[in-house]
């Protein structure tokens, strides 16, 4: 799992990263059911990413095994131009996307969970900040209602 965390971290640690970049990595590793949706808010934009990973006996495969959801909630992965580089607020996205990447690698190696896994997060390398000393607080380009709608869908 550490390998996947490092790989996702390196991908996200960029001023230019998009949801499309994340999608490309996951597709390279064999995942197919991935959606990316750009949403613009009053304070910027972000790319919401939803990944559905079918289990051997999950609903996506016609079975009845329970589905588990992994949500990486955050304001943004970066706060450019105020802060340079990936920020600590990115931990939700790093964790959620690392889980998806690890499950993709497990599938390639013949190991699949019984139930489906749904992973949702968003990628925003330049989230707004709220002035605060000694460091600014992270904001988000969209409100929590939009995040709930895009990341949680039952």
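A few notes on this one:
- Evaluation of residue 150 against the conditions (1) farther than 17 Å from residue 8 by Cα; (2) touching a residue at least 40 places away in the same chain (Cβ under 8 Å); (3) not in a helix (DSSP H, G or I) shows that the sole unmet condition is (3).
- Output for the stretch 1-17, where each listed residue is modelled with pLDDT of 95 or more, surrounded by fewer than 17 Cβ atoms within 10 Å (Cβ to Cβ) and outside any helix (DSSP H, G or I): 13, 14, 15, 16
- Flag for residue 94 being in a strand (DSSP E or B) and buried (at least 18 other Cβ atoms within 10 Å of the Cβ): no
- Hits in the stretch 33-69 - residues which are closer than 22 Å to residue 110 by Cβ, buried (at least 18 other Cβ atoms within 10 Å of the Cβ) and within 20 Å of the chain's Cα centre (by Cα): 34, 51, 52, 53, 54, 55
- From the options 110, 145, 85, residue that is surrounded by fewer than 20 Cβ atoms within 10 Å (Cβ to Cβ) and in contact with a strand residue (DSSP E or B) (Cβ under 9 Å, 6 or more places away or on another chain): 85
- Test: residue in the stretch 77-93 that is under 18 Å from residue 31 (Cβ atoms), within 14 Å of the chain's Cα centre (by Cα) and touching a residue at least 60 places away in the same chain (Cβ under 8 Å): yes
The values are calculated or read from the model by the stated rules, or taken from the named source; none is laboratory data. Here the structure is a predicted model, which means the values were calculated and not measured. As a convention, Cβ positions derive from the backbone with ideal geometry for all residues, glycine included, and neighbour counts pool all protein chains shown.
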